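> Below is a structure I'd like to ask you about.
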Amino acid sequence: MELTVTKNATCTFCGCVCDDIELHSDGERIKETKGACILGQSWFKNHTAERLYPAALVNGREATVDEAVEAAAEFLHAADMPLVYGLSNVTCEATREAVSLAELVGAVIDSHTSL
Amino acid sequence: MLTLTLLEPPTVPLEAEVLSPDVLAPLSHAEVRALPVYHGKRRLRLDEFFEVEGDGSDHVTLHGDLGRVRWVGRKMTRGHITIHGPVGMHLGAHMRGGHIEVHGSAADWVGGEMAGGTIHVRGDAGGQVGSAYRGSVSGMSGGTILVEGAAGIEVGMRMRRGLIAVRGPVRDFAGLQMKGGTLVLMSGAELRAGAWMTRGTIISLKPLRLLPTFGLACDYAPAFLRLYARHLAGLGFPLPADGSYHRFTGDAAVPGKGEVLQWQPHPA
Amino acid sequence: MLRITGGTVYDPANGVHGEVRDVCIAGGKVVAAVEGGRTIDASGMVVFPGGVDVHTHVAGAALNFARGLIPEQHRKAVPVVHSKLRRAGLGGVTPTTFATGYLYAGMGWTTVNEAAVPVLSAKHTHEELRDTPIVDKTCCVLMANNELLLDLLEAGEYERARDVLAWLVWAAKAYGVKAVNPGGVAAWKWGKDAKRLSDPVEGYGKMTPGTIVAALARMVDDLHLPHPLHLHCNSLGNPGNVDVTLETMKVLEGNRAHLAHLQYHAYGGDDWGTIRSEAVAVADAFNANPNLTADAGAVLFGNTVTITADGPWQHLLFQLTGKKWANLDVENETGCGVVPYAYKPGSPANAVQWAVGLELLLLITDPWRIYLTTDHPNGAPFWRYPEIIRLLMDRDYRREQLNTIPGAVHSRLVLPELTREYTLSEIAVITSAGPARALGLPHKGHLGVGADADVAIFNVDKDPARMFAYPRYVIKGGEVVIEEGELRQVVEGRSFAVRPAYDEAVEAYLRPVFQQQYTMSFDNYPVGPDRVHGLEVVGPATQAGREPGEPGA
Amino acid sequence: MSCTLGEVKNRADLIIYWGGNPAECHPRHFTKYTIMQKGKYVPNGRKGRTMVLVDIRETPSAKAADIFLQVRPGKDFEVLTLLRAIVKGQRIDPRAAAETGLTLEQLTDLADRMKRAKFGVLFFGMGLSMTRGKHMNSAAALTLAAELNAFTKFVAMPMRGHGNVTGADVVLRYTTGYPFGINLCRGYPRFNPGEFSSVDLLVRGDVDATLVLGADPGATMPQPAIDHLARTPTIVLDPKVTHTSRLARVHITTAATGITAPGTVYRMDEVPLPLRPPLKGPYPSDEEVLRRIIAAVRKKPAWEPDPAGVMAG
């Protein structure tokens, strides 16, 4: 099968954030990671386009994303002091939305930095 | 006399900066009950958390498990607050005058950036007693904080004036970046006491593991200390009558002219 | 559709100096007439074109670096409390992005020029500008210490350097070209400076600040960029720097330039003890050079934080104040320093700085060439502009304020002798019409037919500081955003960029050099047009073609 | 006192790693940014640079170093503070210095090298920033570097781990003014590390619901914090079902950053970089899920903070 080549891809595994990686993928998996280090290789190969996990879980049971989104919104809205935490491997665009959500539900927002 | 009894401990922190004589004294019973407090993100009435007895007064007594109640006595300039039970963070922060007595323990930031008045904690205190908040040039700039129990890290961080005395042991970085004032450690401290201090005095009755940037200047029993000892004795923190003090100066890294007086039981 | 009736209109760009007339708005533009729609009765009020800030630092890596350094200032700042309309944030000396938009709009300012953007972090600047609501934005990229350019100039390759500059401007989706302490920041990378125009630049044989300034001003004019070279002269803030400023005006050889924060470049004296105003010399030379515009960079007493790409100056300030200092050098391009600072009326040096800003505004005869700024946040936060307006309009107030500084300093100033008072029309020029013209934005800074419908409506007030701090209405792009002094609606702003013409072959030259000198992939360096929110390409020098870094056809 | 990594590549002749093990944790740091590169002003590459490694144990990174200095565990703050004093010419008692595990001679040699360098850099890792003294250890490194600028050009920067934690810092600063640990309960940003840091909040049980994204606290935090996450409603957005997902009430699978999700991330030196995801996956991005949660919250009665609830000064 013809592999798709992505040049100048960015690896987000460690803080080096190397952006000179060449990825060869078959649409489902990344087959080759030119330029990536040993950590980067396993990072890229460890994620695929397959559906390996349920879309969502609510109370341990499989649920639709809509149901899970509604449950999440309800918990955060009802809480007196919610916390939004993590943000260490999400995009800036996601962090930007996380701030917006934290504001909307009156939360504390914190990243991995505080650890 | 105003007595407030916490009905049950709040489930998330309760910010109650209204619990200050400056706010409470002029108010009627009904007005006190209606004061705003912040339970996490919710603004609620004081009487949803406290049973209120009496009218507003300069004498305020708090009862209950106030471990999550924060900012009690914030910015107070007068009056007395007596607390029976543990109390949460920022007790007496930015306080300028008056007296706070805690029959229990207090969390972090007791007397943060306070400028005057007295805080007496009968139990333990958390970290950052009398300290500067993040980024501030100075911590405590006046007043007295007495802690009968132990205290946490960064006690007296960047303090500029005033007195902090702790009867129990304190943790790391006591007197961190201290610029003035006096810190009395009756049971010593863990690591790095006096780190980066520029001026001020740390008196310790137990040996300290000082940074290598402190040097032993001399061994003496300074006259001013006798005077100071009298003052401290009046506060219930008597210094030993015998012995002498090793005087260390530092921190040479800054370079600073702080002094650390470490008591020696037997004259050298 | 909107009609503003009965207001006293100041629209100096169209020769209107306080006439009662209607302003009609449709489709976000000023139009000749409208039928129906809302009417705002502005009787007894003053109508201005929306303010335009020609030089401010509201977004980007350096400012954001500063934000992280001053939690103690944030605690004192006036916060913006979240509401259905407003995003939360903080005012203070480095307002957060959303707060920046609300604060500018809240005093009738509707266009801002972010004056210092490294190409390497331009993506970040645009991210912040995306979250800076209401106002329209432009930005200037830092070029006077860019080693790709300096190396080419050193080799005598002017034309290729110009192509590189043009490529960089579009790669950054910028609007103008900024020069900060030309050569001095490059030297600072070695802990050195280049103060005088003939000083050699550390690391180079032929380059001097003078040759860099001359070459950049020429490139900007050759490329017909709408805004002239935006120039932060060498030797900023140093006593006796007047000579460097006067010499800079000469080496420009008639090319256009906008001299940023001129106040910081008009000092005499030998040191901080003897610093004195040289505003007269600077203003005289400036008045005689019609190729120049300038902004004041005025100082007000109080707390702020100084942020500049002028690294050596910041290190000096740190040594003078002994307080916090942070420095951030950007590979091959620029650097920046951050020092929290308080201007004190009791300090003779600060008093001179305060006076010089006002003196320049009062001594430069043509208000069309000097604009109101504080070099936010360096001289004072932008939200204090109304205080400066009062100082310009009210000489009695000015005299009172002179009494707050040490009497001994008066002899080092000309301010005590200056009696000029700005008229409302002149205020409209220095806050809107003039800077819009200097930026080359024909649809900004006026209320003629076809202009963007950015309008500020003020109550008439004896105290101009109060008058200009609290507009009754602010209209942005035809939408009423402030009404009765309150935020009523939040609109998105646009980002203007230029696309100067360059030979696409320059990329073939740049790619290997870039890969050698930088640490990121060349193809990841340019800002994609889809990443700039509200991007609008303007100006005459537009070239169509493929995106920088994208493979050719 | 910082710079982007290209400055190090082009100029640094003295490179110090402190409390970090780049050979194993940031494998391309040496080759892409620091010692191995030929720089514009370091044309001889490795030969033109001196690398010093300071750590409490001899890690594989020591092989790359010209000088390895082994500090006694828990003495980093002491060593950095000593260096500040030595750089300023203060006299130090050699016996006191030796308690750090390094001799005064070694320390003086290092101080001299730092002052003599044309362009020095100090990278500090979690061995410094996460051990006893924490933020003060980082402050010591940054202060030392700042003070060295009285003699030469010197910078310091943290070796930050985990993908885009730098980007989170950047976005939080421009939206709220503060880098992390921000309390929005009163409708505007407040900051107090220790009070509003996640671990402290969870250990004390101060919060009553948690949204976790881009982290797995269920695997990394102390047990009392994990217990609280299990006790209260926890929501996880993650490309995998994580330890935290298993104790959470809600888990939503999201696209993997840079592999199936596009966007922007920041390098440890705050240089923004675009992502070029090579795959199209079946899951929505974190960004999209967050937008959907926001939309769902907006349908509920609005929480409105008290405009009078500003804690002045």
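> Checking C:MET1 against (1) more than 12 Å from chain D (Cβ to nearest Cβ); (2) modelled with pLDDT of 95 or more, which test does it fail?
The failed condition is (2).
> Here is a follow-up. What is the residue count in segment D:222-244 for residues that are closer than 19 Å to A:ALA71 by Cβ and within 7 Å of chain A (Cβ to nearest Cβ)?
Counting residues in segment D:222-244 that are closer than 19 Å to A:ALA71 by Cβ and within 7 Å of chain A (Cβ to nearest Cβ) gives 3.
> Considering only residues that are within 24 Å of C:THR404 (Cβ to Cβ) and more than 21 Å from the chain's Cα centre (by Cα), look in segment C:320-341 and name the one that is modelled with the lowest pLDDT.
For segment C:320-341, the residue satisfying everything is C:THR321.
> Would you say D:VAL265 is aliphatic (A, V, I, L, M) and touching a residue at least 60 places away in the same chain (Cβ under 8 Å)?
yes
> Restricting to segment B:81-118, what's the tally of residues that are within 21 Å of B:ALA150 (Cα to Cα) and outside any loop (DSSP other than H, G, I, E, B)?
Matching residues across segment B:81-118 total 11.
> Something else: Kindly provide the set of residues from segment A:30-58 that are among the charged types (D, E, K, R) and either crowded, with 20+ Cβ neighbours inside 10 Å or in contact (Cβ under 8 Å) with a residue 12 or more places away in the chain (or both), ordered by number.
Listed by number, the residues that qualify are A:LYS31, A:GLU32, A:LYS34, A:LYS45, A:GLU50.
> Of all residues in segment C:426-444 being outside any helix (DSSP H, G or I) and under 15 Å from the mean Cα position of the chain (by Cα), which is surrounded by the most Cβ atoms within 10 Å (Cβ to Cβ)?
The extreme case among them is C:LEU441.
> What is the one condition in (1) part of a loop (DSSP other than H, G, I, E, B); (2) more than 23 Å from D:ALA308 (Cα to Cα) that B:GLU17 does not satisfy?
Status for B:GLU17: all satisfied but (2).
> Could you tell me whether segment C:94-102 includes any residue that is closer than 29 Å to C:ALA172 by Cα, facing another protein chain (nearest Cβ under 7 Å), modelled with pLDDT of 95 or more and assigned to a loop (DSSP other than H, G, I, E, B)?
Yes: segment C:94-102 contains one or more residues that are closer than 29 Å to C:ALA172 by Cα, facing another protein chain (nearest Cβ under 7 Å), modelled with pLDDT of 95 or more and assigned to a loop (DSSP other than H, G, I, E, B).
> What about B:VAL254, is it more than 26 Å from B:VAL121 (Cβ to Cβ) and among the aliphatic types (A, V, I, L, M)?
So B:VAL254 fits the description; yes.
> Any residue at all in segment C:281-289 that is over 17 Å from the mean Cα position of the chain (by Cα), part of a loop (DSSP other than H, G, I, E, B) and either within 14 Å of chain D (Cβ to nearest Cβ) or of a type in the set (A, V, I, L, M, F, W, C) (or both)?
Yes, segment C:281-289 contains at least one residue that is over 17 Å from the mean Cα position of the chain (by Cα), part of a loop (DSSP other than H, G, I, E, B) and either within 14 Å of chain D (Cβ to nearest Cβ) or of a type in the set (A, V, I, L, M, F, W, C) (or both).
> For segment C:279-298, which residues satisfy the criterion of being surrounded by fewer than 24 Cβ atoms within 10 Å (Cβ to Cβ) and of a type in the set (D, E, K, R)?
C:ASP284
> Based on this model, can you work out whether B:GLY149 counts as outside any loop (DSSP other than H, G, I, E, B) and touching a Lys or Arg at 6+ places or on another chain (Cβ under 8 Å)?
no
> Same structure, new question: Just to be sure I understand the filter: pairs with C-beta atoms under 8 Å, separated by 6 or more residues or on different chains, first member in segment A:1-29 and at positive phi, second member surrounded by 22 or more Cβ atoms within 10 Å (Cβ to Cβ) and of a type in the set (Phe, Trp, Tyr). Which pairs pass?
Qualifying pairs under 8 Å: A:VAL17/D:TYR266.
> Determine if segment B:121-144 includes at least one residue that is within 21 Å of C:LYS76 (Cβ to Cβ) and in a strand (DSSP E or B).
Within segment B:121-144, one or more residues are within 21 Å of C:LYS76 (Cβ to Cβ) and in a strand (DSSP E or B).
> Can I ask one more? Quick one: is B:LEU146 at pLDDT 95 or above, closer than 24 Å to B:GLY180 by Cβ, surrounded by fewer than 23 Cβ atoms within 10 Å (Cβ to Cβ) and aliphatic (A, V, I, L, M)?
yes
> If I filter segment A:65-100 down to residues being among the acidic types (Asp, Glu) and over 30 Å from D:GLU270 (Cβ atoms), which single residue comes out as nearest to the other protein chains (Cβ to nearest Cβ)?
A:ASP80
> Collect the residues in segment C:447-477 that are in a loop (DSSP other than H, G, I, E, B) and buried (at least 23 other Cβ atoms within 10 Å of the Cβ), keeping them in residue-number order.
Within segment C:447-477, C:LEU447, C:ALA451, C:ALA453, C:ASP454, C:PRO471 qualify.
> I would also like to ask the following. Just to be sure before I move on: is C:THR373 part of a loop (DSSP other than H, G, I, E, B) and either under 17 Å from C:PHE286 (Cβ atoms) or at pLDDT below 95 (or both) in the structure I sent?
yes
> Could you tell me whether segment B:161-174 includes any residue that is on the phi > 0 side of the Ramachandran plot, part of a loop (DSSP other than H, G, I, E, B) and not aromatic (Phe, Trp, Tyr)?
Within segment B:161-174 (the criterion being on the phi > 0 side of the Ramachandran plot, part of a loop (DSSP other than H, G, I, E, B) and not aromatic (Phe, Trp, Tyr)), the answer is no, since none of the residues qualifies.
> Now, a different point. If only one of D:PRO277, D:PRO305 is at pLDDT 95 or above, in a loop (DSSP other than H, G, I, E, B) and at the interface with chain A (Cβ under 7 Å from one of its Cβ atoms), which one is it?
D:PRO305
> Looking at segment C:251-273, is at least one residue under 21 Å from the mean Cα position of the chain (by Cα) and β-branched (Val, Ile, Thr)?
Within segment C:251-273, not a single residue is under 21 Å from the mean Cα position of the chain (by Cα) and β-branched (Val, Ile, Thr).
> In the list D:ALA140, D:ALA117, which residue meets the criterion of being under 26 Å from D:ARG160 (Cα atoms) and more than 9 Å from every other protein chain (Cβ to nearest Cβ)?
Sole residue among the options that is under 26 Å from D:ARG160 (Cα atoms) and more than 9 Å from every other protein chain (Cβ to nearest Cβ): D:ALA117.
> Consider segment D:248-264. How many of its residues are hydroxyl-bearing (Ser, Thr, Tyr) and outside any strand (DSSP E or B)?
2
> While we're on this one: Which helices (runs of 4 or more DSSP H) sit wholly inside segment D:134-242 and have at least 1 residues that are crowded, with 22+ Cβ neighbours inside 10 Å and within 15 Å of the chain's Cα centre (by Cα)?
Answer list for segment D:134-242: D:134-148, D:165-176.
> Considering every residue within segment C:342-352, establish whether at least one is assigned to a loop (DSSP other than H, G, I, E, B) and within 25 Å of C:ALA179 (Cα to Cα).
Within segment C:342-352, not a single residue is assigned to a loop (DSSP other than H, G, I, E, B) and within 25 Å of C:ALA179 (Cα to Cα).
> Right, another one. Check segment C:260-269 and report whether any residue there is in contact with a strand residue (DSSP E or B) (Cβ under 8 Å, 6 or more places away or on another chain), buried (at least 20 other Cβ atoms within 10 Å of the Cβ) and in a helix (DSSP H, G or I).
yes
> Still on this structure, I have one more. So, in segment D:1-52, of the ones that are away from chain C (no Cβ under 13 Å) and of a type in the set (S, T, N, Q), which residue ends up nearest to A:GLN41 (Cα to Cα)?
Selected residue: D:ASN21.
> Output the residues belonging to segment B:230-243 that are out of contact with any strand residue (DSSP E or B) (no Cβ under 7 Å at 6 or more places or on another chain) and under 15 Å from B:GLY162 (Cα atoms).
Passing the criteria: only B:HIS231.
> Right, something else. Mind telling me which of the residues A:GLU22, A:GLU62 ends up being within 21 Å of D:PRO27 (Cβ to Cβ), modelled with pLDDT of 95 or more, part of a strand (DSSP E or B) and among the charged types (D, E, K, R)?
Answer to the check: A:GLU22.
> Next question, about the same structure. If D:ALA248 passes every condition in (1) under 26 Å from C:HIS82 (Cβ atoms); (2) more than 7 Å from every other protein chain (Cβ to nearest Cβ) but one, which one does it miss?
(1)
The values are calculated or read from the model by the stated rules, or taken from the named source; none is laboratory data. The shown structure was predicted, so the numbers you read here are calculated from the model rather than taken from an experiment. Methodologically, a virtual Cβ is constructed for each residue, glycine included, from the backbone with ideal geometry; neighbour enumeration extends over all protein chains shown.
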